1. So in the range B:168-223, with the set limited to residues that are in a helix (DSSP H, G or I), within 7 Å of another protein chain (Cβ to nearest Cβ) and among the acidic types (D, E), which one is farthest from B:P139 (Cα to Cα)?
2. State whether one or more residues within the range B:284-292 are on the phi < 0 side of the Ramachandran plot, assigned to a helix (DSSP H, G or I) and in contact with a Pro (Cβ under 6 Å, 6 or more places away or on another chain).
3. So the check is Cβ under 7 Å with 6+ separation or different chains; which pairs have a first residue in the range A:146-174 that's within 11 Å of chain B (Cβ to nearest Cβ) and a second one that's among the hydroxyl-bearing types (S, T, Y)?
4. Away from chain A (no Cβ under 12 Å) and crowded, with 24+ Cβ neighbours inside 10 Å: which single residue out of B:A289, B:A266, B:A275, B:A259 fits that description?
5. Being of a type outside the set (F, W, Y) and surrounded by fewer than 24 Cβ atoms within 10 Å (Cβ to Cβ) narrows it down to one residue among B:A384, B:A324, B:A364; which is it?
6. Restricting to the range A:120-139, name every residue that is among the hydrophobic types (A, V, I, L, M, F, W, C), facing chain B (nearest Cβ under 7 Å) and either under 13 Å from A:F81 (Cβ atoms) or touching a Leu at 6+ places or on another chain (Cβ under 9 Å) (or both).
7. Can you pull out the residues in the range B:196-220 that are under 24 Å from A:D276 (Cα atoms) and surrounded by 15 or more Cβ atoms within 10 Å (Cβ to Cβ)?
8. Among what's in the range B:344-358 and is in a helix (DSSP H, G or I) and touching a residue at least 24 places away in the same chain (Cβ under 8 Å), pick the residue that is nearest to the other protein chains (Cβ to nearest Cβ).
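Just so it is clear, none of the values below were taken in a lab; they were calculated from the coordinates. Given the structure is predicted, the values throughout are model-derived calculations rather than measurements. Backbone-built Cβ (ideal geometry, glycine too); neighbour counts: all protein chains shown.
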Amino acid sequence: MFPRPATSSTRAARQDGATPAEPRRLSAGELRRVCLDLLGRPPLAEERARWTDASADAVLEELVASRRFWEQWLDEQLWYFLLVDQFAPRGEGVLRLPDELAAGELDAREAVHRIALAPNFDQRNPGADTFVTVVMEQLCGLQVDKARRELELGKKMYEGAEARFLGGAGRSQSDVVKLAVASDEFARHYIAREHARVAHRAAEPRQLAAWARRFAKEPREYPILVREWLSGASLDERLARRRPLSNRAWARALHVDLMGREPTREELEPMRQALDALADPAPLCGVMARLLLDGGKARIEAPGADRAAWVRARWLEVLGREPRPDELAGVVEAMARPGCRVETVLYALVTSEEAATS
Amino acid sequence: MMDELERTTQARAARVQAARAALDRRALLQGAVAGAGFFAGAAWLGGAARAAQSVAAGGTPQAAAKRRVVLVAFAGGVRTKETFGKPENIPNLKRIADSGVLYTRARSANLGHYGAALSIFNGVAEQRGIRENSRGDQPTVFELARKELGLPASEAWITTAGGAQQVNYSHSLHPDYGARYGATTLDGDGVFNREFKGLLEKHGRPREWPQGEKDALAALRRSISGGGAEAERRIAASERVEQWILSELGRGTAELTGANAADAKALRLARNLVALFKPTLTAVVLQEADMAHGNYGGYVEVVRRNDAAIGELWTAIQSDPELAATTTLVVVPEFGRDRDLNSRRGLDHGDGSDDLHYVTCLCAGPGLRRGLVVKEEVAVVDVAATTCDLVGAKGRGGRKLPQLRA
């Protein structure tokens, strides 16, 4: 088990009494993990400076209002539908979704609707049987083997025949999508999977039903729900356990940690694609880290006379915690070896198993 | 483009043909020496290759007693009509079938590509979401064989063509098995593509670290991980695969193009892995045939090209005496396709016809019957138990393909 991140936060008062609760604050490690969850990358230097030890509520409010939050949302949706690699959308309609969502011109339900109408969704799921099956499974969370009749009706509609599907009438492929997105099943399934993604746990059925009703009535409440899912005890619960990072989050974190910036799409995609090609990506993580470190483009702060201080700062940045005493002693000792470069330490750090978790 | 391995394989095939009649231990040693020479730069090889080198050096020929399986999931939805129903499309599979056993009525379940292909590896036909990106619950043949036979990670590989989802075939979520017994899994098109190669060229290939730096790195890793034999083993295995990937990038796999490029890469990698590591279990999952939804002609072309690539894989196996004496090849689609063309003049998979539900399964290798056609109904999922049996593992039981052994 990895050590808990160091925390300088003050907890809200939980006892009954008159003392007003102090706001929940995010330590460096907690901030890193919340950013990885919601932005798909660690905080950049200026964000770290602004948000470390800031009120969790204020940080979350700013995060879910950012364009980067919706970029990450889109990334997650495309992954969920496996619209990646050769099936990744190229059209403006999907690519400008983060701008429209951040500007409040569109809500999450409308955005999912647009994704499912994109040509790439059709290419990814060719033919009536595959398309309708995927719509039922992925948009509505239905099991087709238990809803064979609905599947057949959807296939008829897909082929252009008048039919009723998921409680509505239609006669085209786009009607199949429209009816699915408008269904109660969609709201329930969307909220269940988004809650699981953000809070890293399954929702309780009663809570889920209430959230789904709110979302069905007003889909623009989705960012508010995200903030609720990461507040109070839910936030503590989320931060109590580390989770493996996705390969794309790991590759973004590698760039932020070593280059001080996010990767461009051209830099990220080949890395992500290669990492995804292995069930255990560890061997390629080493290659990626060496590419950046040996390529001479990494932004590396040289250690001064106080190596221990340098190690502490890097551990806080990359792992969000102070080094353990034995760890600190071992690393400082290794740094004194003739063959050890600063790059060697950073390589060991960013390719550690702990750095692949959030 | 003929790569170095192809040239070596062909040269080796010529040598072996000449000597086949008088194949004895001496010939086996010569073959092993040739292999060890070709891969002299890969001193970090896994257990199987080390065993072969040990034989060459006069050690115990354990590798010769080993039984191996190469399992090709000819997935993407492939009908018998375009394969054994039209032999001119598949001259290589036909040639292999003539020396093996052909099951012409292998029943499959229409579970979507993912669920159906997964059932080949775990022997359980259960409904999975078409785009479900998570692992199965039942242990795969890799986990069963590795756990029961005590095989290291280098003894089970799977190469795939269908992107991130197929990486899930490596292992299950079963608490008694899982990642520690999984196959080393590689999606060929994900790593061996021009974009990744371009990235390496842009940044420059990682330089070789001097020994002093490697020692420092080992010390750093011990400090960070807290040490332990298991952590050291994982790191060492990871470094071996890292080296293999970097060397494989120089062998032309990234340059493969054409209708079946992703399948061709998966088959090429499997061929190289079989020749290099000589693993107990090597699996390949193809996918490109699914272009049939909108392009019937392209689908037939994929079938033809994949037949040629499987032929090369078979030739590579037969041209190595040790592999030829120990390796069974199994080729099976996960399901077929519809009986009739759709409105786009393509072939979907969802009509419930026999063309969809029955496929042809091929097994060929030492100790198996030759030229036998079995017309009784079998199941595609029987391949899992059969594979375990072929490598000498009991697995979890289950029905095996009948009339297989000579």
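1. B:E213
2. Here is the first cut: in the range B:284-292, the ones on the phi < 0 side of the Ramachandran plot are B:284-292.
So of that shortlist, the ones also assigned to a helix (DSSP H, G or I) come out as B:288-292.
Checking the rest, the ones that are also in contact with a Pro (Cβ under 6 Å, 6 or more places away or on another chain) come to none.
No, there is no match, as no residue in the range B:284-292 is on the phi < 0 side of the Ramachandran plot, assigned to a helix (DSSP H, G or I) and in contact with a Pro (Cβ under 6 Å, 6 or more places away or on another chain).
3. A:L151/A:T133; A:G160/A:S172
4. On the way: B:A266 fails: away from chain A (no Cβ under 12 Å); B:A275 fails: crowded, with 24+ Cβ neighbours inside 10 Å; B:A259 fails: crowded, with 24+ Cβ neighbours inside 10 Å.
From the options B:A289, B:A266, B:A275, B:A259, the qualifying one is B:A289.
5. Numbers: B:A384 fails: surrounded by fewer than 24 Cβ atoms within 10 Å (Cβ to Cβ); B:A364 fails: surrounded by fewer than 24 Cβ atoms within 10 Å (Cβ to Cβ).
Just a single option satisfies the conditions, and that option is B:A324.
6. Of the range A:120-139, the ones among the hydrophobic types (A, V, I, L, M, F, W, C) are A:121, A:128, A:131-132, A:134-136, A:139.
Of the ones still in play, those that are also facing chain B (nearest Cβ under 7 Å) are A:128, A:134.
Within the range A:120-139, just A:V134 meets the criteria.
7. Result: B:F196, B:K197, B:L199, B:L200, B:H203, B:R205, B:P206.
8. First pass over the range B:344-358, keeping only residues in a helix (DSSP H, G or I): B:354-357.
Checking which are touching a residue at least 24 places away in the same chain (Cβ under 8 Å) leaves us with B:355-357.
Details: B:D355: 14, B:L356: 10, B:H357: 14 Å.
Checking each candidate, the answer is B:L356.
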